[in-house]
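Okay, structure first, notes after.
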Amino acid sequence: MPGKHLYEYAVIRLVPRVEREEFLNVGIIIFSKDAKYLNCKYRIDTDKLNLFSCELEVDELENNLKAFEKICSGSKDGGPVASWEIPDRFRWLTAQRSSSLQTSRPHNGFSDDLEATLERLFGELVL
């Protein structure tokens, strides 16, 4: 029997060189409209990042990923997007773009515990 919360999630990907179309999974965004839930979790693995021999600054990358957190939480210092309704924030975060931080297409599922689902997806797809 499926869980009670319909959710969507997307993988946050680091694309060090957009023209090469190679990426490294660095995080997860999860959203449930009915539960009014939007959260993300990320981790920068500098050892993996160094394999790409990219010129990205880890501090800059960390700041950009923190923006995902601020928008998810609706933080006042998350800019104008953070004040939008939860579904609109998720759609904005997962919109297709050609920058060094991108997201996969959203996928969906059912969950009784969205926090546990976030942790499970993070473990399976990022770690």
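See the values below:
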read-out	value
³J(HN,Hα) computed for each position of the range 35-50 - Karplus, 6.51 cos²θ - 1.76 cosθ + 1.60, integer Hz, glycine/proline x	7, 6, 10, 8, 8, 8, 8, 9, 8, 9, 8, 5, 5, 5, 4, 5
Theoretical ellipticity at 222 nm over the chain - DSSP helices of four or more residues, -39500 (n - 2.57) apiece, nearest 500	-10000 deg cm²/dmol
Likely footprinting exposure, D77, D112, D45, fewest C-beta neighbours within 10 Å first	D77, D112, D45
Förster radius 35 Å - calculated FRET efficiency between E57 and E85 (Cβ-Cβ, nearest 0.05)	0.60
Residue-span extension gain [S104 to N50] - 0.36 nm each, minus C-alpha spacing	17.2 nm
Size of electric dipole in the chain: Cβ of Lys, Arg +1 and of Asp, Glu -1, about Cα centre, debye, nearest 20	380 debye
Ratio Rg/Rh, restricted to the range 5-125 and using Cα atoms, in which Rh is the Kirkwood radius	0.96
Total lysine pairs whose alpha carbons fall under 27 Å of each other in the chain (8 or more apart, or interchain)	17
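Bear in mind these aren't lab numbers, they're just calculated from the coordinates by the rules spelled out. Please read these numbers as outputs of a predicted model, since none were measured by experiment. Glycine gets a Cβ as well: all are built from the backbone with ideal geometry, and neighbour counts include every protein chain shown.
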